[in-house]
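Enquirer: My questions all concern the structure below.
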Amino acid sequence: MLLLVLLAGQAEAADTLVTVADVDLARYMGRWHQIALLPNRFQDFCVGDTTADYSLRDDGRVRVVNQCRDASGALRRAEGVARVNPRYGDPARLEVRFAPAWLGFLPFVWGDYWILDLTPDYGAVLVGAPDRDYLWILAREAPLDPDIYAAFVAHARRAGFPVERLVLEDPAAVAADPPRD
């Protein structure tokens, strides 16, 4: 029995999702545009203009405002809060809650939001969850450079995400001809 417990612990450690080192949450704040995502039930109604706005709160948590347009053209909005996951103490491993604050003591109302890759200028980010069910590519501005998009997709593939299911929010969200220096 002890051997099974030890082997299970090793398998879990071997499957740990690697996150970005040294994320500066203050630099991460602001508006992000959704470029691509793994479809999920929370965003089934979204057809475009999907953004996430993050701002630091006085208590050290992050105010989260997600919005998108639905098929009727209406803007739909959800407000929540994010916190550094207390299990890890790592700003790249956040948890997000959209349930009412009074339910915040329940662990299942918090969803993982892990920063897996981030451009040095904080202009684009790859975010996912350790269960590999959620994945987003976000950018400060669209269109996103196709080399960055391809690097993020390759990173996600190596990490075990089903990237064949990735959906671009808008086919123009990735630049056809990126500007070159």
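Enquirer: For Val18 and Arg61, what does the FRET efficiency come to when R0 = 30 Å and r is the distance between their Cβ atoms, rounded to the nearest 0.05?
Expert: Details: r = 24 Å, r/R0 = 0.81.
The computed FRET efficiency comes out at 0.80.
Enquirer: Extension gain Phe98-Arg140, at 0.36 nm per residue separation less the Cα-Cα distance, in nm? Intermediate results must be reported in sequence, preceding the final value.
Expert: On the way: separation 42, 0.36 × 42 = 15.12 nm, distance 2.26 nm.
My answer for the length gained is 12.9 nm.
Enquirer: Please list, in order, the residues from the stretch 141-159 whose amide nitrogen is less than 19 Å from a point placed 7 Å along the Cα→Cβ vector of Arg27.
Expert: 141, 145, 148-149, 152
Enquirer: Also: Once you put a point 7 Å from the Cα of Arg76 and another 7 Å from the Cα of Asp53, both along the Cβ direction, what distance in nm separates them?
Expert: 1.9
Enquirer: Another question about this same structure. With springs only between Cα atoms under 10 Å, which of Asn66, Asn85, Asn40 fluctuates most in a Gaussian network model of the chain?
Expert: Asn40
Enquirer: Report the chymotrypsin sites (Phe, Trp or Tyr not before Pro) located in the stretch 89-143 that are in a DSSP loop and have at most 12 other Cβ atoms inside 10 Å of their Cβ, or state none.
Expert: Answer in residue order: Phe105.
Enquirer: Hey, in the GNM for the chain with a 10 angstrom Cα cutoff, which one of Gln43, Gln67, Gln34 fluctuates hardest?
Expert: Gln43
Enquirer: Going by how many other beta carbons lie within 10 Å of each one, how would you line up Asp70, Asp58, Asp117, fewest first?
Expert: Least to most surrounded, the residues fall as Asp58, Asp70, Asp117.
No lab work stands behind these numbers, since they all come straight from the coordinates. These numbers were taken from a predicted model, which means no experiment stands behind them. Virtual Cβ from ideal backbone geometry, glycine too; neighbours counted across all protein chains shown.
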